[in-house]
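Peer 1: Can you keep this structure in mind? I'll have questions shortly.
Read-outs: derived from the displayed coordinates by stated rules, not from any lab. Computed from a predicted structure; not experimentally measured. Positions of Cβ are backbone-derived with ideal geometry, glycine not excepted, and every protein chain shown enters the neighbour counts.
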Amino acid sequence: MHTQSHILTFREKFGYSLGDLAANLVFQTLVTFIAYYYTDVYKLEASTAQWVIGTCGIIGGVIFAPVMGMIADRTRTRWGRYRPWILWTSVPFGVMVLLTFTTPDLSYNAKVTYAFVTYLALMLLYSANNLPYASLSGVLTGNMSERNSLSSYRFVAVMVAQFVVQVLLLPLVLVLGDGDQALGFERIMTVFAVAGVICFLITFFITRERVIEQNTTNNTIMEDLTDLLNNGPWRVMLLATILVFVHLSLRGGTLVYYFQYYVSQSDLTSFLNGIGFTGLIASIQSVWPNFKWPEEVHASAFGLFNGAGIIMMIIGISFSRRLADRFGKRNVFGCALFISTLFILVFVIIGREAVGMMFLSQILHGFFYGITIPLLWAMIADVADYSEWKNHRRATAIIFSAMILGLKLGLTIGGTLVVTFLAAYGYQAGLAEQSMESIYGIRMTMSVFASIPFFLACALLFFYRINKRVEVQIEQDLAARRVAQTVEEPLL
């Protein structure tokens, strides 16, 4: 294996992180708005939206992800194994983003078919792009501390994308569409698609693969699958990833309904006035008469609420590397995730008028959850090293398929549960006010139901073997092997 514990430059870390910015402009939109888009904008029935989201997610993410992992591990080009997939999929991915969020003037049945085909194609391309991208982080360097640093960079980019989507997307949809949300979604997703293609291309040109296993070409698919299934840390991380993204999709997809139908609109107005937001918008409009901002108070509050959490997540991310280097990824991830979940669960007792308490809980949740964000991906890279350490064979992409498979399955389950719970509690799209039963379901979904996956993920970590001591041992042993192999290669 030709490698070294390479110290990554700022340029390469930044260039790599742009790939996550591109992917997350789309992913965060799916997490937060796909259920809302299909039910309230595209005008599918909740049960039909549930079928589209669930079926396409299973096929395009869960089934295809391991296949894509095996394909990527066996790719051989002068650019490496994983980088070329970022190049090859960038433009098709951007095109499908635009088509998925276009509302055609068709009959209902034709619209269902169009939604299914475009969403399935988007899920397939997401796997073909994001799995090699994620795997790339495991071969840029063999230095685990550098991987922690790289994860911090990329997840600052994730937070930027999340801020753009969760804070600005809904107001921009209303502004760019001049009240027509279908047109607004189409226009803003066009911007995301173009920006995404540019970011992917930068990632491709700036990064380099360095951890290259020379004898991986001799690995059979059965050997890869056997190594995978016998890898205990991989099984734990697969289940943990599923649970994390079930939560993100479940809570993220419910928040827009929570602010529109549960939170007191008069108290939201008073809160926005009290923090000076309303005055800020008025001041901007006084010097820029053409500046438009949606009049819907819930849209402004929804954006600010998400923005407050995201800012605190970025602050939390800044603590992540130092804490992980000192205490180990597993311990820091589990403790911070548990504390963050408590501030989600508390929403079950927050009254509709207690807007300040909602924002305070979101801020505290954001800080502690931010600490965990880089560690999930860094732990997957460690699992790939664990597999090589244990089996003397490396198959990075199929290991990372755990993340993509878990991400897609979690996104699918969470998005499906959103529309399932809405339907079960009697939600009806387009109504100015929902029934008390429906509002109760929205509250339970974004608090109690959304907390359960996080608590289960914390419990799973007791079965994760790679603690701080094992991290150090793996890094040292693999470095020694690579030095020995480099010395032997000229004799071969």
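Peer 1: Calculated from DSSP H runs of 4 or more alone, at -39500 (n - 2.57) each and per residue, what is the 222 nm mean residue ellipticity of the chain, nearest 500?
Peer 2: My calculation for the chain gives -25000 deg cm²/dmol from helical runs alone.
Peer 1: What percentages make up the Cα-Cα pair-distance distribution of the stretch 258-359 when the bins are 5 Å wide from 0?
Peer 2: 2, 10, 17, 17, 15, 12, 10, 8, 6, 2, 1
Peer 1: OK, next. Short version: ³J(HN,Hα) in whole Hz for each residue of the stretch 340-349, in order, from phi by Karplus 6.51 cos²θ - 1.76 cosθ + 1.60 (θ = phi - 60°), x for Gly and Pro, what are they?
Peer 2: 4, 5, 4, 7, 8, 4, 5, 5, 5, 10
Peer 1: Order these by the 10 Å Cβ neighbour count, fewest first: Cys335, Cys458. Write out the running numbers ahead of the final one.
Peer 2: Details: Cys335 17, Cys458 20.
Exposure proxy ranking, most exposed first: Cys335, Cys458.
Peer 1: On the Cα set of the stretch 10-472, report Rg and Dmax in Å, please.
Peer 2: Rg then Dmax for the stretch 10-472, in Å: 21.6, 68.
Peer 1: Using the Cα centre of the stretch 10-472 as origin and beta-carbon charges of +1 (Lys, Arg) and -1 (Asp, Glu), tell me which of Ala299, Ala429, Pro66 is placed farthest towards the positive end of the dipole.
Peer 2: My answer, from the dipole projection, is Pro66.
Peer 1: Can you give the angle from 0 to 90° between the axis of helix 297-327 and the longest principal axis of the chain, with both taken from C-alpha atoms, to the nearest 10?
Peer 2: 20
Peer 1: Take every Cα pair under 8 Å in the chain that's 6+ residues apart, average their separations, divide by the length, and report that relative contact order as a whole percent. Please list the in-between numbers first.
Peer 2: On the way: 801 pairs, mean separation 137.4, N = 492.
Here the relative contact order equals 28 percent.
Peer 1: Can you tell me the relative contact order of the stretch 10-158? Whole percent, Cα pairs under 8 Å, sequence separation 6 or more.
Peer 2: 40
Peer 1: Output the Kirkwood hydrodynamic radius of the stretch 139-207, Cα pairs only, in Å rounded to one decimal.
Peer 2: 14.1
Peer 1: Write out the trypsin sites (Lys or Arg not before Pro) in the stretch 46-112 meeting two conditions: DSSP loop, and at most 16 other Cβ atoms within 10 Å of their Cβ. Could the numbers behind the result be given before it?
Peer 2: Values: sites: Arg74, Arg76, Arg78, Arg81, Lys111; in loops: Arg74, Arg76, Arg78, Arg81.
Passing sites in the stretch 46-112 are Arg74, Arg76, Arg78.
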